[in-house]
Amino acid sequence: MQSRTSQGAEPGPTRADIESRLSVALASVVAGARRRAVRDGDRQIDTAHLLHSLLEADPDVRAVIDDGAQVVRLLGYLVQRSIGYGLQWQGTVEDSGAVPTVTPAKETVLSPSAATAMEAAIARAALRGEPRAVGVDLMAALVADPDCRAVDVLGRAGADAKALLRRIEAAAEAEAAAAETSAD
């Protein structure tokens, strides 16, 4: 499979650009993804790193998948990223072209696709009237981008990203309707 990222593209925004708009739990997920990227020798946190940390740390995200066996398959693929199909990603930048790239930073930064997902998660939280994004916001943003590595991993594990997005959106609509009913 050919990588959807360009060789030599520059990294996206640093954590200082977005961290203040994340819940404590989501900031912890991003920190876990950063540690994983550093341990794997990657210069960027990509959407697969974020998905891995979300699945490990956020029970609400695991509940969206609604199939324990599928969560295990997903985690298995994610663990293999440094020894299997993930080797094709080494030395490349995950970039769907959605955000402009910036010059490299001294720390591990978000890939352009991961930065786009983080911004979409923050925007999703703002639409709910929340000042900070949570894990399900990020999961919705990840599955909404058919060209990101996280969706590639989901597909390899047999998960339908579009179905996951529909499930997340249906749950959000039900939650909004319940909040509106209780406010009346």
From the Cα centre of segment 52-83 to that of segment 135-184, the distance in Å is 15 Å
Between Ala31 and Asp160, the two model label points (7 Å from Cα along the beta-carbon direction) sit apart by a distance in nm of 3.8 nm
Counting only residues 5 or more apart in sequence or on a different chain, those whose built amide H sits under 5 Å from that of Leu22 are Ala133
Of 151-162, 111-122, ordering from highest average Cβ density within 10 Å down gives 111-122, 151-162
With a Förster distance of 22 angstrom and the Cβ-Cβ distance between Ser20 and Asp60, calculated FRET efficiency to the nearest 0.05 equals 0.55
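Each value in this text was obtained by applying a stated rule to the coordinates, not by laboratory testing. Note that this is a predicted model, so its numbers are computed, not measured. Note: ideal-geometry Cβ built from the backbone for every residue, glycine included; neighbour counts use all protein chains shown.
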